[in-house]
Amino acid sequence: MKILITGGAGFIGSNFIHYWAKNHLEDEIVNVDVLTYAGNLENLKDVESLKNYKFIKIDIAQKDEVEKVISSEKPDVIVSFAAESHVDRSILGPEEFVRTNVLGTFNLLEAARQNGNIRFHHVSTDEVFGSLGPNDDPFNEATPYDPRSPYSASKASSDHLVRSYFHTFNLPITISNCSNNYGPYMFPEKLMPLFITNLIEDKKIPLYGDGMNVRDWLWVEDHCRAIDLILQKGKIGETYCVGGATEKTNKEITYKILELMKKGEESIEFVADRKGHDKRYAIDFSKIKNELSWEPQVDFSDGMKMIVDWYQKNQVWWKAVKSGVYADYYKKNYENRN
């Protein structure tokens, strides 16, 4: 099988490529990515020499580029991770989120439809469902959409587009809405790696508001396994919620990182809260558990030890990311690489 992965140089996408290369040795892997600030081919150094792996630099918001790649590569499956995903950036500049997440998804769907109705899996987020109160039931596949940021609104729009192509054009699609992923190659602007790397650098860690916002955390390879199962056994046209069964406040995460890194409370710097900061996310993943026998395997305590250990051992990687050196290098060396 040939699988085409969009956004494969990002955090979750690169982990998925590592997972797929390890577990599906005979498959061809085509990675397409525009290499924005969050795309880093250093994430894929371990696989780029494989004969069954190929990287192609394209912008999914450019329809002609997408059509050219899909028609020439003729993949059996498309898995779309490509998205602008940082809420703070969507508040500062919403246009790029609409361009990539909505127009980009539309271009991929059109190319899949025009080239033989290619199997299409769309990776989305629990943020499309809005914000939960402390006693509300977790999100599930029937939860009404209620996005609160330009990021989540753009992802909600893309979800609706994907479903429309199933109902209108019979495109064989599935969707997964996942909770917060954590693990290797997580971009250092996100909470966990930002706090870990700041502490390594003896800097303060900026905690929003009172730190009581709740997120459900999912080890990234558990997410990759879920997508694999959905591709193999998922029902066409269906959505699957994928969660980690681990609700933690940002404050709990902060204190766990301080504990693991043997730092004190004096390292915390409370900062003004994010605009429209959703209070709580939680996912009921009983559908994928009951239908596909999936559940998370990595315990949160173990996962936290692993992520702290990874960033302590991979300082060359994240220091290049934080400084911007990696972006300059790849813009120069991969601009015309196909």
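The values are calculated or read from the model by the stated rules, or taken from the named source; none is laboratory data. Note that the coordinates shown come from a computational prediction; the quantities given were computed from them, not determined experimentally. Every residue, glycine among them, receives a Cβ derived from its backbone with ideal geometry; neighbour counts consider all protein chains shown.
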Quiz item: Given the conditions (1) modelled with pLDDT under 95; (2) assigned to a helix (DSSP H, G or I); (3) under 19 Å from SER154 (Cα atoms), and given that ALA83 satisfies all but one, which numbered condition is not satisfied?
Solution: (2)
Quiz item: Among the residues of region 265-286 satisfying the criterion of being acidic (Asp, Glu) and in contact with a Pro (Cβ under 9 Å, 6 or more places away or on another chain), which is modelled with the lowest pLDDT?
Solution: GLU269
Practice problem: Among the residues of region 90-119, write down those that are over 27 Å from THR168 (Cβ atoms) and crowded, with 18+ Cβ neighbours inside 10 Å. | Solution: SER90
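Of everything in region 201-254 that's among the aliphatic types (A, V, I, L, M) and in a loop (DSSP other than H, G, I, E, B), which residue is farthest from SER323 (Cα to Cα)? Spell out how you get there, then give the answer.
Step one: filter region 201-254 for residues among the aliphatic types (A, V, I, L, M), giving 205, 207, 212, 214, 218, 220, 226-227, 229-231, 236, 242, 245, 253.
Subsequent filtering for residues that are in a loop (DSSP other than H, G, I, E, B) retains 212, 236, 245.
Details: MET212: 30, ILE236: 43, ALA245: 34 Å.
Ranking the candidates gives ILE236 first.
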Quiz item: Are any residues in region 124-147 within 12 Å of TYR281 (Cβ to Cβ), free of Cβ contacts under 8 Å to residues at least 60 places away in the same chain and in a strand (DSSP E or B), and if so, which ones?
Solution: THR125
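Could you tell me whether region 103-111 includes any residue that is of a type in the set (A, V, I, L, M), under 16 Å from the mean Cα position of the chain (by Cα) and not in a loop (DSSP other than H, G, I, E, B)? I'd like the intermediate steps shown before the answer.
Kept after step one, since they are of a type in the set (A, V, I, L, M), are these residues of region 103-111: 103, 108-109, 111.
With under 16 Å from the mean Cα position of the chain (by Cα) added as a condition, the list becomes none.
Looking for residues that are of a type in the set (A, V, I, L, M), under 16 Å from the mean Cα position of the chain (by Cα) and not in a loop (DSSP other than H, G, I, E, B), one finds none in region 103-111, hence no.
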Self-check item: Hits in region 281-328 (condition: more than 19 Å from the chain's Cα centre (by Cα), of a type in the set (Ser, Thr, Tyr) and part of a helix (DSSP H, G or I))
Solution: SER286, SER301, SER323, TYR326
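LEU50: surrounded by 18 or more Cβ atoms within 10 Å (Cβ to Cβ) and either over 16 Å from the mean Cα position of the chain (by Cα) or at pLDDT 95 or above (or both), yes or no? So that I can check it myself, show each step before the final result.
On the way: surrounded by 18 or more Cβ atoms within 10 Å (Cβ to Cβ): no; either over 16 Å from the mean Cα position of the chain (by Cα) or at pLDDT 95 or above (or both): yes.
Here the answer is no, as LEU50 does not meet what is asked.
Counting only residues that are surrounded by 16 or more Cβ atoms within 10 Å (Cβ to Cβ) and either out of contact with any helix residue (DSSP H, G or I) (no Cβ under 7 Å at 6 or more places or on another chain) or assigned to a helix (DSSP H, G or I) (or both), how many does region 68-80 have? Show your work before the answer.
If we filter region 68-80 for residues that are surrounded by 16 or more Cβ atoms within 10 Å (Cβ to Cβ), which is where we start, we get 69-70, 73, 75, 77-80.
After this cut, where a residue has to be either out of contact with any helix residue (DSSP H, G or I) (no Cβ under 7 Å at 6 or more places or on another chain) or assigned to a helix (DSSP H, G or I) (or both) as well, the list is 69-70, 73, 75.
Residues in region 68-80 being surrounded by 16 or more Cβ atoms within 10 Å (Cβ to Cβ) and either out of contact with any helix residue (DSSP H, G or I) (no Cβ under 7 Å at 6 or more places or on another chain) or assigned to a helix (DSSP H, G or I) (or both): 4 in total.
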Exercise. Examine region 288-303 for a residue that is closer than 24 Å to TYR145 by Cα, touching a strand residue (DSSP E or B) at 6+ places or on another chain (Cβ under 6 Å), at pLDDT 95 or above and not polar (S, T, N, Q), and state whether such a residue exists.
Key: yes
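For region 162-191, which positions are within 15 Å of SER124 (Cβ to Cβ), among the hydrophobic types (A, V, I, L, M, F, W, C) and buried (at least 19 other Cβ atoms within 10 Å of the Cβ)? Don't jump to the end; show me each part of the working.
Quick first cut of region 162-191, residues within 15 Å of SER124 (Cβ to Cβ) only: 162-166, 173-181.
From the residues that got through so far, the ones that are among the hydrophobic types (A, V, I, L, M, F, W, C) too are 162, 166, 173, 175, 178.
Answer for region 162-191, where residues must be within 15 Å of SER124 (Cβ to Cβ), among the hydrophobic types (A, V, I, L, M, F, W, C) and buried (at least 19 other Cβ atoms within 10 Å of the Cβ): VAL162, ILE173, ILE175, CYS178.
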Quiz item: In region 30-58, which residues are assigned to a loop (DSSP other than H, G, I, E, B), in contact (Cβ under 8 Å) with a residue 40 or more places away in the chain and acidic (Asp, Glu)?
Solution: none
